[in-house]
Amino acid sequence: MTQILHNDTCPICAREVASYEQLARKNGLHFDVDGLDKAGDWGLDEDSAAKVFRVRHDGQIYEGVAAFRVLWAQLPYWRHVAWFTGLPVIRQIGEFGYTYAAAPFLYGMHKRRQARASK
């Protein structure tokens, strides 16, 4: 069983996860998708959950690029991406890019949306 925890308030994240979910359904797969309101079920608060994409697969939790790779490995058309991003140098570049660029950028957008909403 595969569960996804993502920032469902992020339009980019929500659209991406919806596309994975749709592809999974078309191919007879099922992912349980949780938004920030379910962060407590993962042992996290909503703010921590908003920082990094997570996947729970066969009882183990993966974060960041590792989480994407676990998800991609199950999806047609994405399996080759999972394999490619697992190559040593590619994996390191991907993890660096996600950890220091993509995730902070998306989290910053999340905090700005929250600030606008609270005004």
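Every number here is computed from the coordinates shown, using simple stated rules; none is lab data. What you see is a predicted model; the values in this text were computed from it and never measured. Using ideal geometry, Cβ is built from the backbone for each residue, glycine included, and neighbour counts are taken over all protein chains shown.
Among residues that are under 29 Å from residue 112 (Cβ atoms) and assigned to a strand (DSSP E or B), residue 4 is included. Summed over region 29-64, the residues that are in contact (Cβ under 8 Å) with a residue 24 or more places away in the chain, more than 18 Å from residue 114 (Cβ to Cβ) and of a type in the set (A, V, I, L, M) give a count of 3.
I'd like to check something: does region 18-34 contain any residue that is closer than 21 Å to residue 97 by Cβ and touching a His at 6+ places or on another chain (Cβ under 6 Å)? Steps first, please.
Step one: filter region 18-34 for residues closer than 21 Å to residue 97 by Cβ, giving 19-20.
Those still in the list that are touching a His at 6+ places or on another chain (Cβ under 6 Å) too: none.
The answer is no; no qualifying residue exists.
In region 85-103, the residues that are more than 14 Å from residue 72 (Cβ to Cβ) form Cβ pairs under 7 Å with partners that are assigned to a helix (DSSP H, G or I), at six or more places apart or across chains, as follows: 95/65; 103/51. Return a yes/no flag: does region 79-97 have any residue that is over 25 Å from residue 35 (Cβ atoms), small (Gly, Ala, Ser) and surrounded by 12 or more Cβ atoms within 10 Å (Cβ to Cβ). Yes, because at least one residue in region 79-97 is over 25 Å from residue 35 (Cβ atoms), small (Gly, Ala, Ser) and surrounded by 12 or more Cβ atoms within 10 Å (Cβ to Cβ).
For region 1-40, the set of residues classified as surrounded by fewer than 15 Cβ atoms within 10 Å (Cβ to Cβ) and either touching a helix residue (DSSP H, G or I) at 6+ places or on another chain (Cβ under 7 Å) or under 23 Å from residue 111 (Cβ atoms) (or both) consists of 11, 12, 15, 16, 18, 30, 37, 40, listed by residue number.
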